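The values are calculated or read from the model by the stated rules, or taken from the named source; none is laboratory data. Predicted, not measured: the structure shown is a model, and the values here were computed from it. Counting neighbours? That spans all protein chains shown, and the Cβs are built from the backbone with ideal geometry, glycine included.
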Amino acid sequence: MRFLAFCLLLPALAMAQTDLPAGFFPPPADAPKIAEGPCPRCEGAGKVDAKYQGLKTGDERLRFRPDCPQCKGRGKCVRNRPVEERIAEQRAILNAYEREQRAAHSTPVGAGFMETDKAEAMAPTERAALAARFPKRCKVCLGLGIDACGKCDGTGLTERRERIKDKDGEMVYETIKEPCEKCNGTGALPCRRCDGSGLAKICSRCDGLGTMEVKAKRNIPAHTALCRACKGDGRR
């Protein structure tokens, strides 16, 4: 069912990209949420240390070292990327995109850019509608809608100490890593500035419309103009 829904969604996405006005450059895709990397539980070893199974011996061959249950002994797994790593990549993607568009002297429209002459030729309502399709991103999370969990520092894991017997039969403390309860092991929490939406705040002057009605003055008739505060983006 999910695969069928995805197949039906593809034509709609393609159509959404093809009906863009000429000269408009949509924003790049966000940094991926998941990626394959070293397993966070075994740190790439593929094995995890477990308690000695009641054997009072120092022989390493008798030590119980099972395959890591998270990566099945591979040492790698598809996992949620650390929040700071993802935000850093997102910042690099957006900075490169903005430098390219600024070098071409394009004008920002929402989260995208447009050739200046074509942007100036658009009607205010059309430009505001285009900006609403690609709304400006939150300045803190850069559109990802996430922030690093303060309890686990964005790692998704917390540590606790447990007393166990070592190979000599003496009681020692072992550090055990567990999924963080606050963020459910994801290392991420909703961004505090945008409440997880990933979007900039709605412009209070135009209530997010991006346009304002200008009253008639002298020889200028009443007309619709871009909001001066947000420049037609509806967010700032």
### Task
Check the stretch 173-186 and report whether any residue there is among the small types (G, A, S), touching a Ser or Thr at 6+ places or on another chain (Cβ under 6 Å) and closer than 30 Å to C68 by Cα.
no
## Note on the structure
Note on the stretch 190-204: residues part of a loop (DSSP other than H, G, I, E, B) and surrounded by 13 or more Cβ atoms within 10 Å (Cβ to Cβ) are C191, R193, C194, G196, S197, G198, A200, K201, C203
### Query
Say we look at the stretch 107-153 and pick out the residues that are among the hydrophobic types (A, V, I, L, M, F, W, C) and assigned to a strand (DSSP E or B); which of these is nearest to C227 (Cα to Cα)?
V109
### Task
Could you list all residues from the stretch 43-75 that are of a type in the set (K, R) and either in contact with a Phe, Trp or Tyr (Cβ under 6 Å, 6 or more places away or on another chain) or modelled with pLDDT of 80 or more (or both)?
K47, K72, R74
### Task
Might you let me know whether the stretch 166-174 holds any residue that is closer than 21 Å to K139 by Cα and either in contact with a Phe, Trp or Tyr (Cβ under 8 Å, 6 or more places away or on another chain) or in a strand (DSSP E or B) (or both)?
no
### Task
Give the residue, chosen from T155, T186, T175, T224, that is out of contact with any strand residue (DSSP E or B) (no Cβ under 8 Å at 6 or more places or on another chain), on the phi < 0 side of the Ramachandran plot and not hydrophobic (A, V, I, L, M, F, W, C).
T155
### Task
Would you be able to say whether some residue in the stretch 94-106 is aliphatic (A, V, I, L, M) and closer than 17 Å to C227 by Cβ?
no
### Task
Considering (1) over 21 Å from the mean Cα position of the chain (by Cα); (2) at pLDDT below 95, say which one V78 fails and leave the rest.
(1)
## Note on the structure
The residue that is modelled with the highest pLDDT, considering only those in the stretch 175-189 that are exposed (fewer than 15 other Cβ atoms within 10 Å of the Cβ) and part of a strand (DSSP E or B), is E178
### Query
Give me the pairs: first residue in the stretch 91-113 and under 17 Å from C138 (Cα atoms) and in contact (Cβ under 8 Å) with a residue 12 or more places away in the chain, second residue among the small types (G, A, S) and assigned to a loop (DSSP other than H, G, I, E, B), beta-carbon distance under 6 Å, and six or more apart or on different chains, which are they?
none
### Message
Among the residues of the stretch 28-42, what is the count of those that are over 16 Å from the mean Cα position of the chain (by Cα), part of a loop (DSSP other than H, G, I, E, B) and either modelled with pLDDT of 80 or more or among the hydrophobic types (A, V, I, L, M, F, W, C) (or both)?
### Response
2
### Task
Find the residue count for the stretch 197-223, including only residues that are in contact with a Pro (Cβ under 6 Å, 6 or more places away or on another chain) and at pLDDT below 95.
0
